[in-house]
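K.L.:
My questions all concern the structure below.
Coordinate-derived values only; no laboratory data. No experiment lies behind these values; they were computed from the predicted model shown. Using ideal geometry, Cβ is built from the backbone for each residue, glycine included, and neighbour counts are taken over all protein chains shown.
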Amino acid sequence: MIQYFRFYTIITVIFCFLNISSAQTDRAIEDKITTLLAKMTIEEKIGQMTQFSAPVDSFIDLIRAGLVGSILNLTGAERVNAIQKIAVEESRLGIPLINGRDVIHGFRTIFPIPLGETATWSPDFVKEAARIAAREASASGVHWTFAPMVDIARDARWGRISEGAGEDTYMGKIMAAARVKGFQGEKLSDPETIAACVKHFAAYGAAEAGKDYNTVDISERTLREVYLPPFKAGIDAGAATLMCSFNEISGVPSSGNKFLLTDILRSEWAFKGFVVSDWQSVTEMINHGNVADTLEAALLAAEAGVDTEMVSGSYNKFLVQAVKNGQFPEEKINEMVRRILRVKFQLGLFDNPYTDSNREKTELLSDQNRRFAREISAKAIVLLKNENEILPLKKNLKSIALIGPLADNQLDPLGCWFCNGRADELVSVLQGFKNKIVYGTKINYVKGCEIKGEEEPDLQEAVKAAMNADVAVCVVGESFDMSGEAGSRARLGLPGRQLDLIKTVYETGVPVVVVLMNGRPLAIPWIAENIPAILETWHLGTECGNAIADVIFGDVNPGGKLPASFPRAVGQEPLYYNHKNTGRPPVQKTRFITRYYDMPVEPLFPFGYGLSYTTFEFSDLQISKPEIKIGEELKVGVVVKNTGMVKGDEVVQLYIRDLKGSVTRPVKELRGFKRITLEPGESKKIDFTVGKNELSFYDINLNYVVEPGEFHIWIGPNSTEGLHGRFQVVKGQ
Ligand code: NOJ
């Protein structure tokens, strides 16, 4: 007891000390900013709020005059240092620049696209990927990444689904926090960390018809319940900055949206970092039609709470005059500049504005980074089907036909936003297969057709290769630019003639494995029905081919799970597992229910789905109490056993349903998950805690509460299977 007390006291003293010293640092920073602000002209203040993109030649004189606060898209320690020198040594006040870049899934070593990283269901791996990306980017002079993208995406047509954590809000929160912590490390002043930027605030992924930049019309309830929580999670994890989105919400573009950028962000969430606009999004309000000209756009954005204006120069052209003639208050400008300078101080840029150029040599694409890329890439692969245990392939096959436009492709598997990644450094699938060959297996590679384009391909070579092989592996999917920004698609099948290619190979009678590479869920009903083995590999990045070969030849047992539902047809979109029940759920067999006339309502592959080379059994669902009071917690647990012959990973998923609320509740909501590894025959008990965090929602008055009533839970391997139980929540006394 005494020992416990001593331990507790020591810990408390350490915490108090840390708190006091961080408060002192904060105070010191605020004092320095106050001193600096007092010296700044209004032009220099607005300069801090202005951002331009490399190449820098056209605005170098503005940097010299102290009229630019940040730049983007400049990399290379020496190049960045040279520009920084101009800001620090030649401008009047020597305020350092902050240099931003879209470091989305790796800097030079490219990891799986964020959707693919999420398919690992491993926040620790996702955090480490961001950590490595930060080390590489910072070595190359980057101080700030425009990531993580935390937009929830329920519509696979929207190309930017590839850049985030998929359709689920709970998952979005976990991955947002993991990525922010990975980028920012323990403290921003560490030269190996970079500032994070949660984006795009807000509801950008809810664009009508999945068209990028399109209109969003959304209730405040859905906004708060579905789209905002990952932003809050990123901010709570310490994100230094936030980017607003291109879209309007119910008539108000985000760049001029005071409700979002001030009322929610500052007043409710007390966010202390700075807000950057998206690329020209301030002046794009003229196109949206809520401002008449650039002056109005700049005034509205500044008034709403955009601190830094990205590239259109609207602040730099108009705000100075607006302040001078009393159209905009200087105190407000001071607050905004304070937020920007605060991040610069936190990053340590005033103490050391330069990047140690030696780090670039050791950090970028190091063997260690490549090894990690291979590991996370293999973890991201989802086995969608494996009839007759076609996979893993034996290493002593005589011959393999490797077919398809992505099989010997070093560019497209880099995925969207591949930053400083290079195609010539990417391991193709063909190379990955060659690296695995030990028993002289012959690999017949045939491209077969292009990724896109309707031109009739000559499929004879593919047929010949397949007929002479023990197995055909078809590597098909999307090009890197078919997802990401402006990568919306109205069709969700395989593009071009790739399906014809697969069908032709299938008709030879040789067993076929389909390896998919894509930036979004695809609608592949024919493949799902006819092809015995299917692997979803996303766009995996630099180590793509090695990771795919690891899985195909069984050195790694796949354990990834889908972070977004795969549709049967594009007409099912938007498609997400946590939908509402409606008054006519599709459970009865009558005509007048929530269904499609021409196809099932269920997805082709559901959220959370993925197979393994082994099998798992879930048993012994335990719920610690049949009833809890509001505010109390209970434990739920299950035993998971590896019932197959090889070691493997299972993701144990907890879903909850609140049966009746003051407003309707989704049919299921993810509230916990754990990726575990089990040896053959091994069992593990997996527990989750259920309490306020798992049960609260926005009630009829938009208060975030737990309501009494019956709750259902499921613990299982995906969102449609699992052991089912129930418990009651009653009012406390
Ligand atoms: C536009 C994109 O929407 C945003 O995500 C990105 O960070 C900026 N361009 C800067 O490249």
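K.L.:
Quick one: divide the alpha-carbon radius of gyration of the chain by 2.2 N^0.38 Å and tell me what you get. Please report the intermediate quantities before stating the final value.
P.N.:
Details: Rg = 26.7 Å, N = 733, 2.2 N^0.38 = 27.0 Å.
Output field value: 0.99.
K.L.:
Quickly rank 688-694, 182-188, 539-545 as a protection proxy: mean count of other C-beta atoms within 10 Å, highest first.
P.N.:
Top of the packing list down: 539-545, 182-188, 688-694.
K.L.:
Tally Lys and Arg at +1 and Asp and Glu at -1 over the other residues with C-beta under 12 Å from the C-beta of Glu248: what net charge comes out?
P.N.:
On the way: positive: none; negative: Glu208, Asp217, Glu284.
Surrounding charge for Glu248 is -3.
K.L.:
Please give the calculated 222 nm ellipticity per residue for the chain, where each DSSP H segment of at least 4 residues contributes -39500 (n - 2.57) and the sum is spread over every residue; nearest 500 deg cm²/dmol?
P.N.:
Taking each H run of at least 4 residues, the total per residue is -8500 deg cm²/dmol.
K.L.:
OK, next. Looking at this model, which pairs from Lys181/Lys344; Lys173/Lys692; Lys561/Lys647 are more than 23 angstrom apart at the alpha-carbon?
P.N.:
Violating the 23 Å limit, Cα to Cα: no pairs.
K.L.:
Let me ask something else. Assuming R0 = 51 Å, can you tell me the calculated FRET efficiency for the pair Phe592 and Lys394, based on Cβ-Cβ distance, to the nearest 0.05?
P.N.:
0.45
K.L.:
Given labels modelled 7 Å from the Cα in the Cβ direction, how far is it in nm from Met467 to Ala82?
P.N.:
Spacing of the two 7 Å Cα→Cβ label points: 6.0 nm.
K.L.:
If you count, for each residue, the other Cβ atoms within 10 Å and average over each peptide, how do 330-338, 307-315 line up from highest to lowest? Don't skip to the answer; put the middle values down first.
P.N.:
Numbers: 330-338: 17.1, 307-315: 24.6.
Descending mean neighbour count gives 307-315, 330-338.
K.L.:
Past the 28 Å Cα-Cα mark, which pairs from Lys385/Lys684; Lys385/Lys635; Lys127/Lys317?
P.N.:
Lys385/Lys635; Lys127/Lys317
K.L.:
Could you work out Rg/(2.2 N^0.38 Å) for region 112-188, with Rg from alpha carbons only? Please list the in-between numbers first.
P.N.:
Values: Rg = 12.3 Å, N = 77, 2.2 N^0.38 = 11.5 Å.
The value comes to 1.08.
K.L.:
For region 501-620, take the convex hull of the Cα atoms, compute a quarter of its surface area, and give me that in nm², please.
P.N.:
For region 501-620, the mean projected area of the Cα convex hull comes to 10.9 nm².
K.L.:
Sticking with the crude label model, points 7 Å out along Cα→Cβ, report the distance from Ile60 to Glu710 in nm, one decimal please.
P.N.:
7.4 nm
K.L.:
Evaluate the distance, in nm, between pseudo-label points positioned 7 Å from the Cα of Lys731 and of Lys660 along their respective Cα→Cβ axes.
P.N.:
Spacing of the two 7 Å Cα→Cβ label points: 1.5 nm.
K.L.:
Show me the three semi-axes of the equivalent ellipsoid for region 616-730, from the C-alpha gyration tensor (sqrt of 5 times each eigenvalue), largest first, rounded to whole Å.
P.N.:
30, 13, 11
K.L.:
For Val556, what charge total do you get from the other residues with a beta carbon under 14 Å from its beta carbon, if Lys and Arg give +1 and Asp and Glu give -1?
P.N.:
Neighbour charge sum, excluding Val556 itself: +2.
K.L.:
Can you tell which of Thr25, Gly404, Trp417 lies farthest toward the positive end of the dipole of the chain, using +1 and -1 charges on the Cβ of basic and acidic side chains (Lys, Arg; Asp, Glu)?
P.N.:
Ranked along the dipole, the leading option is Thr25.
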